[in-house]
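A short write-up of the structure that comes next.
We did not get these values from a lab; they are worked out from the coordinates using the rules stated. Fair warning: this is a prediction, and the values are worked out from it, not measured in the lab. Neighbour counts run over all protein chains shown; Cβ positions are idealised from the backbone, glycine included.
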Amino acid sequence: MSNQTPSPVPFVDLRAQYASIREEVHQAMDRVLQRTDFILGQDVEAFEEEFAAYCGAQYGIGVDSGTSALELILRAYDLGPGDEIIAPANTFIATVLAISYVGATPVLVDADPHTLSMDPALVEAAITPRTKAIMPVHLYGHPADMDAIMAIADQHGLVVIEDASQAHGARYKGQRVGSLGHAAAFSLYPAKNLGAYGDAGILVTDDAQVADTLRMLRNYGQRVKYHHDLVGYNRRLDTLHAAVLRVKLRHLDDWSQARRRHAARYSQLLADVPGVTLPGQAEDVEPVFHLYVIQVAQRDELRAFLAEQAIATGIHYPVPIHLQPAYRHLGYREGDFPVTEASARSMLSLPMYPELPDEAIQRVVQAIRAFQTQAQPSRAAV
Ligand SMILES: *Cc1c(COP(=O)(O)O)cnc(C)c1O
């Protein structure tokens with residue numbers, strides 16, 4: 001009788017967002033096409049200024065990806081072989097790849113069990129005479145514990161580079177991420193909270209000299225055309241992307257507000273579902289919920305159960321950095337970072353995007369409740 005397949009709940013829906021800004025985007029792109037200033041055109045500079053101002057930072061430099069932003073910052077601070085850089089074990093691989101690209105050594109630390117972000121007490125413990133920098137990640141859109149991290153950095157003379165790729169617009173004690181450390185990298189990958197229609201990134205800093213170096217590094221090492229002061233790269237932000245990003249930046253706070261509303265709704269509806277750990281939130285932060293991540297014991301079974309009902313979910317991240325084959329050479333082993341490892345087995349990211357309908361949230365929670373109430377007691381007893 002009621003054997004209809006329920007309408008799918010996607011994990012993200014970029015088409016819904018495009019539909020809401022279609023005209024603005026077309027006009028912005030058409031202006032670029034008419035001007036033909038495709039490389040370092042006027043929208044690039046305008047976006048850099050607008051985004052830096054949005055973050056409360058002095059300078060913005062557009063680049064071709066978040067990974068490039070991270071790598072170029074490390075180069076601008078002259079970090080390389082022999083230097084140790086502290087980063088979380090629970091992050092997307094790109095945070096740590098950037099350290100590898102410059103030849104420095106990643107030193108990983110475990111997460112705080114409440115927020116799953118890098119634990120500042122463990123950062124302090126990981127410092128050696130070779131430590132040069134700390135790279136906190138504002139994971140899932142929740143700002144890292146920046147006061148603690150900056151205090152450690154000041155005490156030891158370290159550079160702090162924020163990986164803000166998941167946290168555009170998030171606030172820590174009233175201040176936007178990107179303005180908290182010495183420099184910050186943002187991915188503008190399509191599915192990020194602020195996303196281009198292709199690969200893109202931006203970095204921000206208050207340091208005029210570092211900004212000047214970064215501008216050269218992303219553009220063949222030149223300040224004046226054909227005069228190369230540095231062995232630079234081609235890592236520029238395309239003007240077409242910048243034009244789209246300027247349109248989207250005007251909507252970002254509304255979209256973040258919607259994400260927070262959905263997160264609050266999930267947390268309200270899931271509060272009495274047995275065996276579900278809700279995302280932790282520190283005091284005095286305003287997260288932007290790039291992801292809404294719960295923890296459950298029977299994660300893989302729950303995920304399959306949701307998939308049967310056409311509900312898409314994600315895992316961020318299933319294999320911690322120290323257990324990735326690519327980083328075997330760092331010499332870590334299973335058991336080194338218990339919080340990260342346990343959360344990798346239990347974390348589940350639920351559908352989250354600004355246009356997510358409330359009925360979808362209700363359906364997701366209903367399905368989780370059905371699974372947890374029938375599966376939980378018997379399985380937990382084993
Ligand atoms: C997405 C992401 C990156 C990499 O960004 P790209 O634009 O894909 O290169 C880096 N760090 C974190 C935490 C990310 O989520």
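Worth a mention:
- The residues Val25, Val177, Val137, when put in order of fewest to most other Cβ atoms within 10 Å, stand as Val25, Val137, Val177.
- Net lengthening on full extension, Glu124/Gln366 (0.36 nm per residue, minus Cα-Cα): 82.9 nm
- Placing one equal scatterer on every Cα of the chain and applying the Debye formula, the log10 ratio I(q)/I(0) at q = 0.06, 0.10, 0.11 Å⁻¹ is -0.24, -0.66, -0.79.
- Segment 268-308 - convex hull of the alpha-carbon atoms, volume per residue in Å³: 103 Å³
- Acute angle (nearest 10 degrees) that the helix 14-35 long axis makes with the longest principal axis of the chain, alpha-carbon atoms: 20 degrees
- Among Thr340, Thr95, Thr128: highest mean-square fluctuation, GNM of the chain, C-alpha pairs under 10 Å: Thr128
- Cleavage-rule hits (chymotrypsin sites (Phe, Trp or Tyr not before Pro)) in segment 134-243: DSSP loop, at most 10 neighbouring Cβ within 10 angstrom: Tyr226
- Counting neighbouring beta carbons within 10 Å and listing from fewest to most, the residues Ile321, Ile86 come out as Ile321, Ile86.
- Counting charges near Ile61 (Lys, Arg +1; Asp, Glu -1) among other residues having Cβ under 12 Å from its Cβ returns a value of -2.
- Computed on the chain, with alpha-carbon pairs under 8 angstrom and 6+ residues apart, the relative contact order is 22 percent.
- Computed log₁₀ I(q)/I(0) - Debye formula, equal Cα scatterers, no solvent, segment 1-108, q 0.20 Å⁻¹: -1.12
- Segment 230-252 and segment 255-282 have Cα centres separated by 32 Å.
- Long-range HN-HN contacts of Tyr189 with modeled amide H, under 5 Å: Gly66, Ala196, Ala200
- Between Ala282, Val109, Gly195, the Cα set farthest toward the positive side of the dipole of the chain (charges on each charged residue's Cβ, about the Cα centre) is that of Gly195.
- Only Lys, Arg (+1) and Asp, Glu (-1) charged, at Cβ; segment 1-138 dipole about Cα centre in debye: 280 debye
- Footprinting exposure proxy for Asp163, Asp336, Asp272 (fewest neighbouring C-beta atoms within 10 Å first): Asp272, Asp336, Asp163
- With Cα atoms, 0 to 90° folded angle of helix 358-381 axis to the chain main axis: 60 degrees
- Each 10 Å bin, from zero up to the one with the longest distance, holds this percent of the alpha carbon pairs of segment 144-272: 11, 31, 33, 19, 5, 1, 0.
- Most positive-pole-ward Cα, Ile73, Tyr292, Gly232, against dipole of the chain from beta carbon charges: Tyr292
- Cα gyration tensor shape of segment 92-161, rounded if a/c is under 1.5, else prolate or oblate by comparing a/b with b/c: oblate
- Crossing angle, helix 299-308 versus the chain [Cα axis fit, 0-90 degrees, rounded to tens]: 80 degrees
- Point-charge dipole on Cβ atoms (K/R +1, D/E -1) for the chain, about Cα centre, debye to 20: 740 debye
- Pairwise inverse Cα distances across segment 223-308, averaged and inverted, put the Kirkwood hydrodynamic radius at 17.4 Å.
- Fully extended contour minus Cα-Cα distance, from Leu14 to Ile39, at 0.36 nm per residue: 6.4 nm
- For segment 254-382: rounded, prolate or oblate by the Cα gyration tensor [a/c cutoff 1.5]: oblate
- Adding -39500 (n - 2.57) for every DSSP H run of four residues or longer, then dividing by how many residues the chain holds, sets the calculated 222 nm ellipticity at -13000 deg cm²/dmol.
- Counting only Cβ charges, +1 for Lys and Arg and -1 for Asp and Glu, the dipole size of segment 76-146 around its Cα centre is about 180 debye.
- Counting DSSP beta bridges with both ends in the chain, the antiparallel % (nearest 5): 65 percent
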